[in-house]
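The values are calculated or read from the model by the stated rules, or taken from the named source; none is laboratory data. On a predicted model such as this, the values are computed, not experimentally measured, just so you know. Because the Cβ atoms are built from the backbone with ideal geometry, glycine has one as well, and the counts that use them run over all protein chains shown. Ligands, DNA and RNA are stripped out before the accessible areas are found, and what is left, the full protein with its side chains, is counted by its heavy atoms. Shrake-Rupley method; radii C 1.70, N 1.55, O 1.52, S 1.80 Å.
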Amino acid sequence: MRALTVLPGTASSAAVTDIDEPPETDGSVLVETLAIGVCGTDLEICRGDYGTAPPGSDRLVIGHESLGRVMEAPAGAGLVAGDLVVGIVRRPDPVPCRHCAIGEWDMCRNGRYTERGIKDAHGYASERYRIDPSFAVKVDAKLGDLGVLLEPTSVVAKAWDHIERIGARSPAWVPERILICGAGPIGLLAALLGVQRGHDVHVVDLATDGPKPSLVADLGATYHADPVGKVTGTADVIIECTGVPQVVVDVLGHSATDAIVCLTGVSSGGRTIPFDAGEVNRDMVLGNDVVFGSVNANRRHYEAGAAALAIADPAWLARLITRRAPLEQFADVLERRPDDVKTVITIGS
Ligand code: BGC
């Protein structure tokens, strides 16, 4: 069958290659892949900067944002042929650490977890894949191919889950004003979940035209094409989704009293910028500020994400997918154009 594979560590090695049918040892549920979302991590993998193949394999099947249709599932799997499913990305480490042992693999302590399509495990960008039912999450059939947005939604569902757990440190915590940095897919989905919670959501991004300002406005949130420092001052929660070092520093330097700052953007190191650690420390201590990082998601977060997508306006969600291309033309959607939000590779029909 056809699959989109790379030689990890080698730039521009992405190619459609022929691979074996998925082995039964991968799981009892056989899934026909319909769509694969492309994110910054995939671009890094394709540049050769990230990603590792499974032991015994030179190439890695990429694709961690997926949507598929169940072809076969055993009785008792909770799934039947025809169901739309999304495969969870991370698998627990083999030890397992105390988080992985209870299904909280997104908090793995020893780094020996695997991630399908990213780290030591093949992804979902093949015509078919197999999966254990405990790692397949059913999505509302009404969503159709918008179900491919579930993996990035699970990432922001986790961020919100942890923000709310931290907020609960004070029984009087009421997150009134939310600031999201970056109006890419993660920022927009984080804004969606904030609006669904009834918050006053603000999104800051550089774009002054294209789809982003109206996507934010149509959500009922407020768009700012301003420097971050101008809009951070009164936010109770800041979700940083750009990973841009200067934006991160600006956010840390301008957070309000009692603010919770959640960092979700994975940046590459190697460039240094000025940062007044003493001043930021003093403001954080005197303001009871919390800054934390958030990555990945466990099954609870996928289920929360699926519930959030099911009640979202499908016409708004549809505008997040700005371009699609069939597997053979994957290169078209691996390239970012200025008006892109989320691009998608289509595989089956
Ligand atoms: C994925 C996460 C993953 C992270 C680090 C992100 O793009 O959405 O599931 O944990 O990359 O590999």
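Computed about its Cα centre, the charge dipole of the chain is approximately 320 debye, with only Lys, Arg, Asp and Glu carrying charge at their Cβ.
Which far-off residues, 5 or more places away or on another chain, put their amide H under 5 Å from the one on Asp83, with H placed in the peptide plane? Residues meeting the amide H criterion: Val70. Comparing Arg91, Arg337, Arg299 in a Gaussian network model of the chain where C-alpha atoms under 10 Å apart are linked, the largest mean-square fluctuation is found at Arg337. Axis of helix 299-311 versus longest Cα principal axis of the chain: the two differ by about 80°, to the nearest ten degrees. Ordering Asn281, Val261, Ala297 by Cα displacement along the dipole of the range 244-315 toward the positive end leaves Ala297 in first place; charges were set at the Cβ atoms of Lys, Arg (+1) and Asp, Glu (-1). Annotation: aspartates and glutamates with alpha-carbon distance below 16 angstrom to Lys158 (same-chain offsets under eight excluded): Glu65, Glu104, Asp106, Glu240, Glu303. The Stokes-Einstein estimate for the range 124-240, based on a Kirkwood radius over Cα pairs and taken at 25 °C with 0.890 mPa s viscosity, is a diffusion coefficient of 155 µm²/s. Protein heavy-atom accessible surface, 1.4 Å probe, per residue over the range 154-293: 45 Å². Couplings for the range 240-255, taken from phi via the Karplus curve 6.51 cos²θ - 1.76 cosθ + 1.60 with θ = phi - 60°, read 8, 10, 9, x, 6, x, 5, 5, 4, 5, 5, 5, 5, x, 10, 7 Hz in order; Gly and Pro are left as x. Here's the list of lysines a cross-link from Lys230 could span, going by alpha-carbon distance under 23 Å and ignoring same-chain residues fewer than 8 apart: Lys212.
One Cα centroid belongs to the range 39-54, the other to the range 283-300; the line between them spans 26 Å. If you plug the beta carbon distance of Asp26 and Ile102 into 1/(1 + (r/R0)^6) with R0 = 25 Å, you get a FRET efficiency near 0.60. Relative to the current alpha-carbon distance between Ser134 and Val95, full extension at 0.36 nm per residue lengthens the span by 12.2 nm.
In percent, rounded to a whole number, the relative contact order of the chain is 18, using alpha-carbon pairs under 8 Å and six or more apart. For the chain, the equivalent ellipsoid derived from the alpha-carbon gyration tensor has semi-axes of 33, 21, 21 Å in decreasing order.
Couplings for the range 264-278, taken from phi via the Karplus curve 6.51 cos²θ - 1.76 cosθ + 1.60 with θ = phi - 60°, read 10, x, 8, 9, 9, x, x, 10, 9, 9, x, 8, 8, 4, x Hz in order; Gly and Pro are left as x. Among Ser57, Ser66, Ser126, the largest mean-square fluctuation in a Gaussian network model of the chain, built with springs joining Cα atoms closer than 10 Å, belongs to Ser57.
Assign one of three labels to the range 73-180, namely rounded, prolate or oblate, based on the Cα gyration tensor with a ≥ b ≥ c the square roots of its eigenvalues; rounded applies when a/c is under 1.5, prolate when it is not and a/b is larger than b/c, and oblate otherwise. It comes out oblate by the Cα gyration axes. Put the Cα centre of the range 66-92 next to the Cα centre of the range 226-269 and the gap is 37 Å.
Based on the Cβ-Cβ distance from Ile19 to Glu164, what FRET efficiency comes out when R0 is 25 Å, to the nearest 0.05? After rounding to 0.05, the efficiency reads 0.05. Look at the dipole of the chain built from charges on Cβ: of Val201, Pro338, Gly348, the Cα furthest out on the positive end belongs to Val201. Taking all Cα pairs closer than 8 Å and separated by 6 or more residues, the relative contact order of the range 154-293 comes to 21 percent. Each residue of the range 172-180 was assigned a 3J(HN,Hα) from its phi angle through the Karplus curve 6.51 cos²θ - 1.76 cosθ + 1.60 (θ = phi - 60°); the sequence is 9, 5, 10, x, 7, 10, 10, 10, 10 Hz, with glycine and proline shown as x. Put a dot 7 Å past each Cα toward the Cβ at Ala172 and Ala315; how far apart are the dots in nm? That separation, rounded to one decimal, is 4.3 nm. What the range 55-120 shows is 44 Å² of accessible area per residue, with the surface traced by a 1.4 Å probe over protein heavy atoms. Using a simple spin-label model with pseudo-atoms 7 Å out from Cα toward Cβ, Asp200 and Thr222 lie 0.6 nm apart. Just the number, please: carbon plus sulfur as a percent of the accessible area of the range 154-293, 1.4 Å probe, no ligands or DNA/RNA counted. Of all accessible area on the range 154-293, carbon and sulfur atoms account for 55 percent. Close amide H contacts of Ser66 (hydrogens built in the peptide plane, cut-off under 5 Å, sequence separation of 5 or more or a different chain): Gly37, Gly87, Glu151.
Placing a pseudo-label 7 Å from each Cα along the Cα-to-Cβ vector at Leu43 and Asn288 gives an inter-label distance of 3.9 nm.
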